[in-house]
Amino acid sequence: MCVFISGEAQRLSELRIVLMGYKLAGKSSTGNSILGREEFDLKSSAQCVRRHGEVADRHITVIEAPGWWSNYTVEKSPELLKQEIVLSVSLYQGAAGED
């Protein structure tokens, strides 16, 4: 990924990604594909999971938020699930090389 500043492309040395979506949507598989190895367990988790790797000389952080059931509205989702989704954003903000 590149960022354009003053008309010049500058390559980002770090990339942070948060994966969000329904349960069984393939978030873990997507995270594994991004990192190029099996880092995320394919079983459902009720907690955020953060993994790191180096891809094409770039530090990559992938955070997987827990999934929600497609037939639940946000209002009907369990409070713990909502808290974990919010936590995934805070993990994103402090992601650089931590764990």
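The values are calculated or read from the model by the stated rules, or taken from the named source; none is laboratory data. As the structure is a prediction and not an experimental result, all values here were calculated from the model. With ideal geometry, Cβ positions are generated from the backbone for all residues, glycine too; neighbour counts draw on all protein chains shown.
Conditions tested, residue by residue: (1) at pLDDT below 80; (2) under 14 Å from the mean Cα position of the chain (by Cα); (3) surrounded by fewer than 12 Cβ atoms within 10 Å (Cβ to Cβ); (4) not basic (Lys, Arg).
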position: Val3; (1), (2), (3), (4): yes, no, yes, yes
position: Ser6; (1), (2), (3), (4): yes, no, yes, yes
position: Arg16; (1), (2), (3), (4): no, yes, no, no
position: Arg51; (1), (2), (3), (4): no, yes, no, no
position: Asp57; (1), (2), (3), (4): no, no, yes, yes
position: Thr61; (1), (2), (3), (4): no, yes, no, yes
position: Gly67; (1), (2), (3), (4): no, yes, no, yes
position: Leu87; (1), (2), (3), (4): no, yes, no, yes
position: Tyr92; (1), (2), (3), (4): yes, yes, no, yes
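Under the condition of being under 24 Å from Leu87 (Cα atoms) and either in a strand (DSSP E or B) or among the charged types (D, E, K, R) (or both), the residues counted in the range 5-52 number 17. Has the range 73-84 got any residue that is modelled with pLDDT of 90 or more and under 13 Å from the mean Cα position of the chain (by Cα)? Looking through the range 73-84, none of the residues is modelled with pLDDT of 90 or more and under 13 Å from the mean Cα position of the chain (by Cα). Within the range 53-64, the set of residues being over 19 Å from Ile85 (Cα atoms), of a type outside the set (D, E, K, R) and assigned to a strand (DSSP E or B) comprises Gly53, Val55, His59, Ile60. Filtered by the rule that a residue be closer than 18 Å to Leu91 by Cβ, β-branched (Val, Ile, Thr) and without any contact (Cβ under 8 Å) to a residue 24 or more places away in the chain, the range 33-78 gives a lone residue, Val49.
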